[in-house]
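Trainee: Please see the structure below; I have some questions.
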Amino acid sequence: MTIHRFAFPTTIHFGAGARKLVAEHLGAQGLERPLIVTDRGIAPLPLLTKFVAELHPLEVAVYSEIWGNPVKSQVDNGVAAFREHHADSIIGLGGGAALDVAKAIALMATHRGDVLEYAWDHPHVRPIEHDLPHFIALPTTAGTGSEVGRSSVISDDKTHIKKIIFSPMLLAKAVFADPELTLDLPPHITAATGMDALTHNVESYLSPAYHPLCDGIALEGARIAAKALRTAVREPHNIDARSDMLMASMMGAIAFQKDLGAVHSCAHALSTIADLHHGLANGIMIDHVMRFNLSAASAKMAELAHVVGVAKHTEDASAASFIDWLSALKRDLAIPATLSAYEAKRPVTKTDIPALVEVAINDTCHQTNPRPCTRADFERIFAEAI
């Protein structure tokens with residue numbers, strides 16, 4: 001008989017004003033010199049100034065040189081900032097990029113070598129063998145759920161190939177999930193990160209891996225996101241919708257310890273080759289991949305149709321209705337229907353397909369897609385998505 005292992009260890013403080021508990025939490029641990037790791041977008045905002053003031057009397061330093069998809073040099077510079085401040089703890093404040101870099105800084109503050117040598121697929125992967133500095137996380141977007149994740153995704157500066165460092169050692173010691181920190185996200189970021197959260201819930205539920213606990217979390221996460229996402233985009237200061245999306249985001253990230261699927265392999269390829277925002281890439285690709293998955297996952301898609309409120313009288317009709325619902329949601333959120341509809345400085349065209357397929361086929365996420373994905377399958381998915 002196979003023995004399965006389940007773990008949900010993160011302590012989460014959830015609700016408006018949760019950020020105000022951070023100083024007390026760090027003080028109780030005997031910590032006095034936190035380094036805030038955040039991004040260039042947050043650095044000039046009143047949000048950061050107010051948060052630093054709320055941490056008094058702690059001696060706080062800020063490292064904010066993070067932008068785009070996180071890369072190794074951002075981690076290296078963050079480690080230098082940690083040591084210069086003689087920091088004793090790390091506060092990750094931001095979206096997925098800032099939180100992933102914060103975890104990697106915590107790792108490299110006590111470990112030698114190159115951060116990418118700790119990626120799980122490195123040919124001579126280094127073990128994580130020392131305790132990490134006390135790390136806490138405050139998400140400012142509702143998308144990646146990185147605050148409750150046990151992985152950090154860091155790219156090489158030159159190749160932009162994403163590498164995943166995976167270990168329970170990377171888990172935040174505590175999460176302070178405060179929806180007030182997400183109120184000023186612009187609609188297009190709310191939409192893209194929200195589609196990321198929804199994709200996590202959908203793909204983890206569709207994964208054939210055995211994890212009924214995560215299945216339940218993923219279904220409820222999808223239900224919450226389906227109810228709240230449009231409102232969060234249209235009414236940015238609706239605290240109830242923001243709270244729901246922050247919860248759906250964390251639920252998706254907790255659920256995807258069960259693993260993901262081909263949507264994420266496509267999104268990782270698009271981020272690598274065309275530098276697309278991860279959540280936007282998921283949003284563009286999700287309905288295209290779901291059409292590919294339909295023949296292998298109709299029962300589960302019918303259940304998803306039920307939780308988002310579009311179920312029909314038969315399983316097949318419900319499954320198809322779920323995909324139609326995804327396409328309609330994209331239209332409502334102004335997520336491009338196709339890659340060619342996305343107006344970018346560097347548009348994705350059919351000439352990119354070979355490079356996209358090469359990254360996607362080597363990405364691990366599709367290994368738990370409900371329908372096996374070959375190189376030819378990825379070629380067809382990308383061609384139809386363009």
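Trainee: Can you tell me the relative contact order of the chain? Whole percent, Cα pairs under 8 Å, sequence separation 6 or more.
Mentor: Details: 789 pairs, mean separation 54.5, N = 386.
The value is 14 percent.
Trainee: Could you list log10 I(q)/I(0) for the chain at q = 0.08, 0.09, 0.13 Å⁻¹, which the Debye formula gives when each Cα is one point scatterer?
Mentor: -0.38, -0.49, -1.04
Trainee: Here's a follow-up. Taking the stretch 187-385, how many lysine pairs are there with alpha carbons less than 29 Å apart, if each pair must be eight or more places apart or span two chains?
Mentor: 12
Trainee: State, as an integer percentage, the relative contact order of the stretch 187-385 based on alpha-carbon contacts under 8 Å between residues 6 or more apart.
Mentor: Averaging sequence separation for qualifying contacts and normalising by length gives 26 percent for the stretch 187-385.
Trainee: Still on this structure: Take the Cα pairs of the stretch 1-56, get the Kirkwood Rh, then feed it into Stokes-Einstein at 4 °C and 1.567 mPa s and tell me D in µm²/s. Don't skip to the end; give the middle numbers.
Mentor: On the way: Rh = 14.2 Å.
The diffusion coefficient I find is 92 µm²/s.
Trainee: Still on this structure, I have one more. With the contact rule set at Cα under 8 Å and sequence spacing of 6 or more, what percent relative contact order holds for the stretch 219-282? Please list the in-between numbers first.
Mentor: Values: 40 pairs, mean separation 16.1, N = 64.
Answer for the stretch 219-282 is 25 percent.
Trainee: Taking only the alpha carbons of the stretch 187-385, what extent do you get along each of the three principal axes, in Å, biggest first?
Mentor: Extents along the principal axes: 43, 36, 30 Å.
Trainee: Next question, about the same structure. For the stretch 12-182, how big is the tail of P(r) above 28 Å, as a whole percent of Cα pairs? Walk me through the numbers on the way to the answer.
Mentor: Numbers: 2103 of 14535 pairs.
The proportion of pairs with Cα distances above 28 Å equals 14 percent.
Trainee: Which number comes out as Rg/Rh for the stretch 17-106 once both Rg and the Kirkwood Rh are worked out on C-alpha atoms? Walk me through the intermediate numbers first.
Mentor: Values: Rg = 12.3 Å, Rh = 13.0 Å.
Reported Rg/Rh, Kirkwood definition of Rh: 0.94.
Trainee: Another question, then. On a C-alpha basis, how far is the centre of the stretch 357-371 from the centre of the stretch 38-55 in Å? Whole number, if you could?
Mentor: 38 Å
Rule-based calculations on the coordinates, nothing more; no lab input. Keep in mind the model is a prediction, meaning the values are calculated, not measured.
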